[in-house]
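Notes to accompany the following structure.
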Amino acid sequence: AQSVTQPDIHITVSEGASLELRCNYSYGATPYLFWYVQSPGQGLQLLLKYFSGDTLVQGIKGFEAEFKRSQSSFNLRKPSVHWSDAAEYFCAVGAIGGYNKLIFGAGTRLAVHP
Amino acid sequence: GAVVSQHPSWVICKSGTSVKIECRSLDFQATTMFWYRQFPKQSLMLMATSNEGSKATYEQGVEKDKFLINHASLTLSTLTVTSAHPEDSSFYICSALAYNEQFFGPGTRLTVL
């Protein structure tokens with residue numbers, strides 16, 4: 001069965017520091033992978049997605065993620081965090097066409113210290 | 001573009017009453033919409049897939065008679081929680097499928113007293 005694990009429930013970083021949020025997935029075939037951000041009062045926003053091709057994916061707001069099949073991972077990174085990046089981040093895996101039945105990880109809450 | 005709204009944003013109701021939540025795609029049409037449920041500090045769980053003009057497809061363990069979904073037009077899907085009980089209190093989120101991507105609404109906080 002498909003599953004997504006985000007090992008870190010809560011992460012705190014200083015503004016300007018680099019960030020890496022971990023995501024591991026379990027899926028029998030080639031996965032379709034997504035990272036979303038959820039801010040209070042707003043809907044989930046897609047940061048980036050991986051369907052195929054280059055395993056290093058660039059997204060919005062300066063985020064990137066790297067698909068590593070050997071490690072079943074799709075970690076999200078940002079070289080320099082801004083205070084406005086404080087939010088909840090969800091990794092998700094999709095099946096059958098990539099956008100149906102998204103399976104979400106438990107989420108990682110990011111706090112940013114000034 | 002690709003904005004999804006939900007109404008109401010929050011609702012409090014008495015146990016035993018029914019509550020309807022609307023999900024609208026404001027600037028695009030969506031044949032398919034999804035309904036999720038999110039418990040505090042937990043992930044989103046897909047409840048059902050809503051297809052315009054046909055019956056919704058419910059995930060295993062979701063009571064279709066309790067969570068009625070109607071997708072009457074290409075811009076509107078509704079979720080009705082019937083005979084709500086305190087355990088139905090949760091954050092309900094919808095999304096609309098377009099351009100090979102799901103666009104999410106801001107969510108509806110339901111509290112059942």
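The values are calculated or read from the model by the stated rules, or taken from the named source; none is laboratory data. The structure displayed is predicted, hence computed values, not measured ones. Neighbour counts run over all protein chains shown; Cβ positions are idealised from the backbone, glycine included. To get the accessible areas, we keep the full protein, side chains included, count just its heavy atoms, and leave off ligands, DNA and RNA. Shrake-Rupley method; radii C 1.70, N 1.55, O 1.52, S 1.80 Å.
Here's the list of lysines a cross-link from A:K61 could span, going by alpha-carbon distance under 20 Å and ignoring same-chain residues fewer than 8 apart: A:K49, A:K78.
Pull out a ≥ b ≥ c, the square roots of the eigenvalues of the alpha-carbon gyration tensor of chain A, then state rounded if a/c is under 1.5, prolate if not and a/b is larger than b/c, and oblate in the remaining case. Spell out each step's value before the answer.
Details: a/c = 1.84, a/b = 1.62, b/c = 1.13.
Note, shape of chain A comes out prolate.
Round to the nearest 0.05 the FRET efficiency obtained for B:L68 and A:K101 when R0 = 22 Å and r is the Cβ-Cβ distance.
Numbers: r = 21 Å, r/R0 = 0.93.
Between B:L68 and A:K101 the formula returns 0.60.
Out of the total accessible area of chain A (probe 1.4 Å, heavy atoms of protein only), what percent is carbon and sulfur? Can you show the working numbers first?
Values: 2730 of 5420 Å².
Using a 1.4 Å probe with all protein chains present, chain A comes out at 50 percent carbon and sulfur.
The local environment of B:C94, defined by Cβ-Cβ distances under 10 Å, has a net charge of 0 under the rule Lys, Arg +1 and Asp, Glu -1.
The mean number of partner chain beta-carbon atoms within 10 angstrom of a residue's beta-carbon across peptide B:100-106 is 6. In this structure, B:Y99 and A:L56 have a Cβ-Cβ separation that, at R0 = 25 Å, corresponds to a calculated FRET efficiency of about 0.65. For chain B, B:C13 stand unpaired, since no other cysteine beta carbon lies under 4.7 Å from theirs. Could you name the lysines in cross-link range of B:K66, using Cα to Cα under 22 Å and dropping any fewer than eight places away on the same chain? Cross-link targets: A:K101, B:K14, B:K20, B:K55. Averaged per residue, chain A has 48 square angstrom of accessible surface, using a 1.4 angstrom probe with ligands and nucleic acids left out. Straightening the chain between B:S83 and B:D27 buys 16.9 nm, computed as 0.36 nm per residue apart minus the Cα-Cα spacing.
For A:A17 and A:S3, compute 0.36 nm times the residue count separating them, minus their Cα-Cα distance, and round to one decimal in nm. Could the numbers behind the result be given before it?
Details: separation 14, 0.36 × 14 = 5.04 nm, distance 2.98 nm.
Working it through step by step, the gained length comes to 2.1 nm.
Expressed in Å, the radius of gyration and Dmax of the Cα atoms of the protein assembly as shown are 17.7, 52. Distance between the C-alpha centres of region B:2-29 and region A:51-114: 28 Å, rounded to the whole angstrom. Per residue, chain B exposes 49 Å² of accessible surface when a 1.4 Å probe is rolled over the protein heavy atoms with every protein chain present.
Leaving ligands and nucleic acids aside, the A/B contact buries around 1400 square angstrom of accessible area in total at a 1.4 Å probe radius.
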